[in-house]
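Take a look at the structure below.
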Amino acid sequence: MLFIVASGMGKYTTYAAADQSMNELLQSMPKAFKVIMGVGTFDLTKAMGFYGVLYMYLVLMAAIHAVMLGAGIISKEERDKTAEFLYVKPVSRAWVLMSKGIAAFTIILILNLVTLLSSISIVGIYAKGEDYAGDIVLLMVGMLISQIIFLSIGIGTASIGKRPKAAGGISACILLVTFILSIAIDLNESIDGLKYFTPFKYFTAEDIMNNGFNAIYIVLSALISLAFCGMAYAVYCKRDLKM
């Protein structure tokens with residue numbers, strides 16, 4: 001994340017030097033190009049505008065990490081044929097699941113904090129006179145909620161599935177489908193109603209920086225996370241682990 005932020009913001013000086021001509025050039029580009037690049041309505045001559053474009057890639061990387069972490073931390077014993085290690089522990093299956101969940105959450109929280117500190121430090125180098133720290137904090141809160149959603153999806157998928165080795169692939173497919181759906185929604189406004197089915201549309205940089213958080217998306221995020229965690233608890237605590 002440090003490398004992505006540093007290398008991404010390192011390109012900012014080129015856009016800033018071009019002044020408004022770069023904004024005019026990008027806005028004249030085809031809609032598909034602007035959607036894929038994540039340009040939107042950002043002013044790329046300002047550091048926070050440029051960071052807003054970079055934010056989409058940060059969220060995508062954080063989501064991939066979270067969903068694969070959730071799937072792996074649940075299925076690793078079955079995948080590596082070491083499930084008997086859990087069977088002999090004098091603790092309940094619920095305790096094991098909770099411990100794994102807390103460990104995974106700690107990891108994504110550390111990743112989020114590293115991204116937050118890196119972003120504030122690096123953007124501060126380029127943001128001359130801009131009020132940027134508050135916006136970055138809000139963006140990182142949005143990213144953390146997205147991380148929690150995909151962590152829950154990974155945990156739930158791995159707990160429900162009977163093929164430990166396939167858990168990561170299935171979780172990654174869910175993430176890929178939701179990401180492609182978010183791109184499709186930006187390309188075709190007639191399917192805008194599908195935005196509730198993709199977490200990538202819940203906390204976009206453009207929405208957070210201009211309008212703050214949407215209460216509906218926060219509720220949906222909580223419901224999705226609780227649903228997958230609830231399924232994980234209901235299934236994982238009862239099913240046999242493959243040795």
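The values are calculated or read from the model by the stated rules, or taken from the named source; none is laboratory data. Fair warning: this is a prediction, and the values are worked out from it, not measured in the lab. No Cβ is skipped: glycine too gets one built from the backbone with ideal geometry, and neighbour counts run over all protein chains shown.
Could you look through region 152-171, keep only residues that are in a loop (DSSP other than H, G, I, E, B) and charged (D, E, K, R), and pick out the one that is surrounded by the most Cβ atoms within 10 Å (Cβ to Cβ)?
Looking at the filtered set, the residue picked out is Arg163.
Suppose we filter region 175-201 for residues that are in contact with a Leu (Cβ under 7 Å, 6 or more places away or on another chain) and in a loop (DSSP other than H, G, I, E, B); how many remain?
So the answer is 1.
So if I check each of Ile102, Ile149, which one is surrounded by fewer than 19 Cβ atoms within 10 Å (Cβ to Cβ), in a helix (DSSP H, G or I) and either modelled with pLDDT under 95 or of a type outside the set (S, T, N, Q) (or both)?
Ile102
Among the residues of region 202-219, what is the count of those that are of a type in the set (A, V, I, L, M, F, W, C) and assigned to a loop (DSSP other than H, G, I, E, B)?
Result for region 202-219: 2.
If I ask for residues that are assigned to a helix (DSSP H, G or I), in contact with a helix residue (DSSP H, G or I) (Cβ under 8 Å, 6 or more places away or on another chain) and surrounded by fewer than 19 Cβ atoms within 10 Å (Cβ to Cβ), which ones from region 231-243 would you list?
Met231, Tyr233, Val235, listed by residue number.
Residue-wise test of (1) farther than 26 Å from Leu2 by Cβ; (2) aliphatic (A, V, I, L, M).
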| residue | (1), (2) |
| --- | --- |
| Asp43 | no, no |
| Glu77 | yes, no |
| Arg93 | yes, no |
| Leu117 | no, yes |
| Leu144 | no, yes |
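Looking only at region 120-139, count how many residues are touching a residue at least 12 places away in the same chain (Cβ under 8 Å), part of a helix (DSSP H, G or I) and under 17 Å from Thr13 (Cβ atoms).
The qualifying residues number 4.
Against the conditions (1) closer than 22 Å to Val67 by Cβ; (2) aliphatic (A, V, I, L, M); (3) surrounded by fewer than 19 Cβ atoms within 10 Å (Cβ to Cβ), where does Ile208 fall short? Just the number, please.
For Ile208, the exception is condition (3).
Take region 211-230 and flag every residue that is among the β-branched types (Val, Ile, Thr), surrounded by 14 or more Cβ atoms within 10 Å (Cβ to Cβ) and over 30 Å from Glu78 (Cα atoms).
Matches in region 211-230: Ile218 only.
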